[in-house]
Amino acid sequence: MKDLITCAQIAKHSNKPFVKYIEKGFEFGLKIEHLKNYPIFGDISKLEKENKLKAKFDKGRKLYLKKIDFNYLDLIYDIAVEDQCNKYLTNENEYIQKKKKNMFNLKKRINSKGFPGERLLGIADSTICDEVKLKNKDLKYRIIEFPKAKAFDEINESCFAQIIIFPFFMHFDYCFFKEFDNKQLINEIKKGNIHPRDIAFFNDNAFATLFGANRSFCKENKTDGFYFSTFGFEKHLFNIKVANKLRENLFMVPYEIDIIKQEYEKKYGFNVFYGYSNYR
């Protein structure tokens, strides 16, 4: 969906028709209130009235909700909340064992359904269960029962990604890449179940937090610690040529393109990075 919002921003800046991109975005989880984060679109109430966006939103929203696997989303919420509670355990081995059990259950679902990304579960949304009459299933209700999961008090809907499971994958010692080989990851990318930049994020996070962890996309490709990007990481360890080769393997644009995108954000007030920590 971020590509549609990017197109809408460029079209608006260029004085070309842009609302068609917003309307298409409704089919992928965009809400009218999300547009308030983009001053370039002007007065949202005026935009909504002039273009009859409410009716078009309702139509697109129905299509969007039909595509979501709510049983799978329920499992993801359960695992994410439990992990937030378990991380406070004083016995580290007990925490690891609980994580392994949850990973085993999640991996079975991943192997049968696919990775829990936007294609299957939609983007992060604080009220989506209420919307389809699944009572007390949204995270805000689960936090009432499990206060230690307070990290989910506020859901970043404007990230336009399904990020709820990310902390679970990041709380290791027990790395994401231990469970999934590169071939499976590439297949999941091709199916549209996982975004390549999410894999890049997990990889960079592993090296930044596990100090040269030997379970990563980089290690399997025998590059041993070179990052996909320098965003938030050690620049002196970064090699652009190696990073761009890794990016090519995951169908990502060269690193230099990201730098240009950052420059456009500053120059024109665009927003073109999304996902967890704006990594996409």
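The values are calculated or read from the model by the stated rules, or taken from the named source; none is laboratory data. Quantities reported herein were computed from a predicted structural model and do not represent experimental measurements. Using ideal geometry, Cβ is built from the backbone for each residue, glycine included, and neighbour counts are taken over all protein chains shown.
For segment 72-108, the set of residues classified as among the basic types (K, R), touching a residue at least 24 places away in the same chain (Cβ under 8 Å) and part of a helix (DSSP H, G or I) consists of K99, K100, K107, listed by residue number.
Taken together, D138, D204 contain a single residue that is under 21 Å from E82 (Cα atoms) and either surrounded by fewer than 20 Cβ atoms within 10 Å (Cβ to Cβ) or under 19 Å from the mean Cα position of the chain (by Cα) (or both), which is D138.
Take the residues of segment 255-280 that are of a type outside the set (S, T, N, Q) and without any contact (Cβ under 8 Å) to a residue 12 or more places away in the chain: which is farthest from I240 (Cα to Cα)? I'd like the intermediate steps shown before the answer.
The initial filter retains those residues of segment 255-280 that are of a type outside the set (S, T, N, Q), namely 255-261, 263-270, 272-276, 279-280.
Filter once more, keeping what is without any contact (Cβ under 8 Å) to a residue 12 or more places away in the chain: 257, 259-260, 263-267.
Values: I257: 12, I259: 12, I260: 15, E263: 18, Y264: 21, E265: 22, K266: 23, K267: 24 Å.
So the residue we want is K267.
Picking from residues in segment 220-257 that are among the aromatic types (F, W, Y) and surrounded by 14 or more Cβ atoms within 10 Å (Cβ to Cβ), the one that is modelled with the lowest pLDDT is F226.
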